[in-house]
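Here's the structure, in structure tokens; my notes come after.
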């Protein structure tokens, strides 16, 4: 049962993350075009994307990070139990308390992120205000996989899966809205 839970957690969260990435790209056609141009120049049209291509796609990586920021796979961390009583920012935390980290709120904190509700991958590019930030638990303003000793065990596999699948979908298809729906009217709720 534990192994099944781990695979289910990994597939559901990865699929949801790719769904959000494609939705954001459809909602922002200029960002989609930039990602497609980068893929075209690095990969070309004559072959599929390989894992080795990912490190040469900084704009796509920025799109993935921005997607993780606005749409984390889970809005709250897994629960943790306080092993002893402590005080955090003036709040008493009794021993045995269940603690959750609000990953969603951290990634939308206006004290950490300029224009926090706007999908803007450029913030992660060289010269952007968050150029050095990654999603691997080293930067606490963006922790879609958690951090520390209990970081997601599937981080590497999940991240690569999301990167490759998103890149393949962006590279392989021309995405557009049907039925006269405009990007501004796309429901992102």
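Values in this text are rule-based calculations from the coordinates and carry no lab data. Worth saying up front: this structure is predicted, and the values here are computed from it rather than measured. Counting neighbours? That spans all protein chains shown, and the Cβs are built from the backbone with ideal geometry, glycine included.
Odds and ends about this structure:
- Counting 0.36 nm for each residue step from residue 182 to residue 169 and taking away their Cα separation leaves a gain of 2.6 nm.
- Label-point separation in nm, residue 56 to residue 87, each point 7 Å along Cα→Cβ: 5.7
- At full extension, residue 111 and residue 97 could sit 2.3 nm farther apart than now, given 0.36 nm per residue minus the alpha carbon distance.
- Angle between the chain longest axis and helix 58-70 axis [Cα atoms, degrees, rounded to 10]: 40
- Its residue count N sets the reference 2.2 N^0.38 Å, and the alpha-carbon radius of gyration of segment 20-161 equals 1.22 times that reference.
- Per-residue extension of 0.36 nm, minus the Cα-Cα distance of residue 16 and residue 136, leaves a gain of 41.3 nm for this segment.
- Helix 2-27 axis versus longest C-alpha principal axis of the chain: approximately 50°, rounded to the nearest ten.
- Segment 94-189: radius of gyration over Cα atoms, expressed as a fraction of 2.2 N^0.38 Å: 1.37
- Peptides 137-150, 14-27 ordered by average Cβ neighbours within 10 Å, highest first: 14-27, 137-150
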